[in-house]
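Every number in this text was worked out from the coordinates using simple rules, so none of it is lab data. No experiment lies behind these values; they were computed from the predicted model shown. Counting neighbours? That spans all protein chains shown, and the Cβs are built from the backbone with ideal geometry, glycine included.
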Amino acid sequence: MYRNTLHYAEKTKKACSNINPCFDMTVEFGIIGGSGFYSISSKGIEEKIETPYGNVLVNIFNINNKKVAFITRHGPKHSIPPHLVNYRANIFALHSIGVKQIITSSAVGSMKKEMAPGSFVIPDQFIDFTIGRPKTFFVDNFEVKLHNGTIRKGVVHIDLSEPYCPHLRNESIVQSKKIAKNTFSKGVYVCTEGPRFETPAEINAFKILGGSLVGMTSVSESILARELGICYSTICLVTNFAAGMQEKISAEEVFAVFKSKVHELEEIIVNTIANLDISAKNCSCDKL
Ligand SMILES: [Zn+2]
């Protein structure tokens, strides 16, 4: 038996049609909102999605007649630290209701002077320094049917030559530039385990390795989404300079900067989904 889509998709369809006929179809788009990105979650209908990794609360609503499911990465009250986020449950839940495209927000520190706090960066590469998080579905004889009909099982080595979907990235860049002049269309996201911030020595090392941004979340999601053949990209909001580049880093400062820019971030994500032309998709995120 596939621990997969059909059962959950059928269930969701039925549940949605009982609540509101406009939700009587598969949800194609997912948003995962990072730290401070909660306002959009009040727009829709809350659903609980069961997964083999635990239950996930999603909020389902429309953007330009497209069905969208929203998940708060750190929980509605920001109670889940980055190293304890149930990444597999979140990505599996979105896949199981039909989601083929996921766009997320990430708060990051900048290792580049030109990417000042308040900037938006759509990264094109990552370096993974996380430890101890489950980063694959393919254990314990896991099998999955992708949305393109392919069955994936056994030993799976996904290609991450383009770790973030180029199609999603391109549309995000277009929409971000319309809203924010300080948009950067490339960046190398270094993912640390957290929840602590980094040391200046670590940041110096990351710079030598080619890093431009440092965060604690987006990489696990990118890997897991690719394993299930889902397009994934993230829009990073720079909330601070990395350790050693400013006097001190505090969570309060991170949240304050995020709060001041969250409406722009929300607009970029909503406009990206509204304008995304799936028929023009030319990526290979659902291929090995
Ligand atoms: Zn893609």
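What is the mean projected area of the alpha carbon convex hull for the chain, to one decimal in square nanometres? Walk me through the numbers before you get to the answer.
Working: hull surface 56.3 nm².
For the chain, the mean projected area of the Cα convex hull comes to 14.1 nm².
Put a dot 7 Å past each Cα toward the Cβ at residue 248 and residue 263; how far apart are the dots in nm?
Result for the modelled spin labels: 3.1 nm.
Given the chain, what percent of its DSSP beta bridges are antiparallel, to the nearest 5? Walk me through the numbers before you get to the answer.
Details: 17 of 45 bridges.
Rounded to the nearest five, the antiparallel share is 40 percent.
Which aspartates and glutamates, if any, have their Cα less than 13 Å from the Cα of residue 177, not counting same-chain residues under 8 positions apart?
Within the straight-line cut-off, residue 177 pairs with 264, 267.
Could you list, in their original order, any pairs among 67/113; 100/248; 153/178; 77/261 whose Cα atoms are separated by more than 30 Å? Walk me through the numbers before you get to the answer.
Working: 67/113 39 Å; 100/248 40 Å; 153/178 42 Å; 77/261 19 Å.
Exceeds cut-off: 67/113; 100/248; 153/178.
Of all the stretches in the chain, which is the longest one without any exposed loop site, taking GluC sites (Glu not before Pro) in a DSSP loop (any state but H, G, I, E, B) with at most 16 other Cβ atoms within 10 Å?
For GluC sites (Glu not before Pro) (loop position, at most 16 other Cβ atoms within 10 Å), the longest site-free span of the chain is 115-192.
Could you work out the relative contact order of the chain? I mean the mean sequence separation of Cα pairs under 8 Å and 6+ apart, divided by the number of residues, in percent.
Values: 577 pairs, mean separation 70.9, N = 288.
It rounds to 25 percent for the chain.
Please work out the Kirkwood hydrodynamic radius for the stretch 143-288, using every pair of different C-alpha atoms, and report it in angstroms with one decimal place. Walk me through the numbers before you get to the answer.
Values: mean 1/r = 0.0582 Å⁻¹.
Computed over Cα pairs of the stretch 143-288, the Kirkwood hydrodynamic radius comes out at 17.2 Å.
Hey, what number do you get for the chain at 222 nm if only DSSP H runs of n ≥ 4 count, each worth -39500 (n - 2.57), divided across all residues, to the nearest 500?
On the way: 6 runs with 83 residues, N = 288.
Mean residue ellipticity, 222 nm, calculated: -9500 deg cm²/dmol.
Could you sort the peptides 144-150, 100-106 by per-residue average Cβ neighbour count (10 Å cutoff), highest mean leading?
Numbers: 144-150: 14.6, 100-106: 25.7.
Order by mean packing, descending: 100-106, 144-150.
What percentages, rounded to whole numbers, describe P(r) for the stretch 194-274 computed over all alpha carbon pairs with 10 Å bin width beginning at zero?
Cα pair-distance distribution for the stretch 194-274, in percent: 15, 38, 35, 12, 0.
Order 107-113, 93-99 from most to least packed using the mean count of other Cβ atoms within 10 Å. Before the final figure, lay out the partial values.
Numbers: 107-113: 22.4, 93-99: 26.3.
Result, highest mean first: 93-99, 107-113.
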